[in-house]
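Worksheet for the structure shown next.
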Amino acid sequence: MKWYFASRMRHKESIEKIINFLKSQDQQVVYEWSKLGSLKPYNENSNKSSLVAKEIGDALKNVDIFILVADEAGTDMFIELGIVIGRWLDNNKTKIYAVGKFNDRSLMHFHPAIKQVDKLSDVFSIECPELLTQEGAALLTSFDPM
């Protein structure tokens, strides 16, 4: 499966651990924004920001499972969510999850394409329970997006 995680930068290290775990299980992550570093202020890094925005948009065309780690703040993750909902409207195949305490923060969290779940392990239970090995379960349990 091809995965994408949309999140605030404050979850970067946890997202990287989950990505590494998925890759060790022969899963694919379509874009690893967590390895970019900061591009802020965007207007002072406009060329690189433009390139990254295009790369992320292109990567979202090929995602099977999109996970929005919901947060009480943040903006870019909602743009990514909009892109992937558009993809869902085209083919109805992308599985989209809003995860965490703030999974009902936005009107778009209630779009019919989105499943709201409390924990990341809920997504794995639904989509790939075979990855909930001892290692996988411990990793997902330690990630608390609250």
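The values are calculated or read from the model by the stated rules, or taken from the named source; none is laboratory data. No experiment lies behind these values; they were computed from the predicted model shown. With ideal geometry, Cβ positions are generated from the backbone for all residues, glycine too; neighbour counts draw on all protein chains shown. Calculation scope for accessible area: heavy atoms of the full protein, side chains included, ligands and nucleic acids excluded. Shrake-Rupley method; radii C 1.70, N 1.55, O 1.52, S 1.80 Å.
Per-structure values
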| quantity | calculated |
| --- | --- |
| Sequence ranges 59-70, 78-89, ranked by mean other-Cβ count within 10 angstrom, highest first | 59-70, 78-89 |
| Using a Förster distance of 35 Å, the FRET efficiency for THR141-SER50 (Cβ separation, nearest 0.05) | 0.35 |
| Accessible area of the range 66-111 belonging to carbon and sulfur atoms, whole % at 1.4 Å probe | 55 percent |
| Most to least accessible of LEU139, LEU36, LEU107, LEU51 (protein chains only, probe 1.4 Å) | LEU107, LEU51, LEU36, LEU139 |
| Helical mean residue ellipticity (222 nm; -39500 (n - 2.57) per DSSP H run of 4+; nearest 500) of the chain | -13000 deg cm²/dmol |
| Cα-based reach from LYS119 at 26 Å (exclusive), listing lysines while leaving out same-chain residues under 8 positions away | LYS2, LYS12, LYS17, LYS23, LYS35, LYS61, LYS93, LYS95, LYS101 |
| Solvent exposure of the range 53-146 as accessible area per residue, Å², 1.4 Å probe | 51 Å² |
| Listed values (i) 2, 10, 17, 18, 14, 10, 8, 7, 6, 4, 3, 1, 0, 0; (ii) 2, 9, 17, 20, 17, 14, 9, 5, 3, 1, 1, 0; (iii) 2, 10, 20, 24, 22, 15, 7, 2, 0, entry calculated as P(r) over Cα pairs in 5 Å bins from 0, in percent | (iii) |
| Cα shape, the range 29-102, gyration tensor, a/c 1.5 rule | oblate |
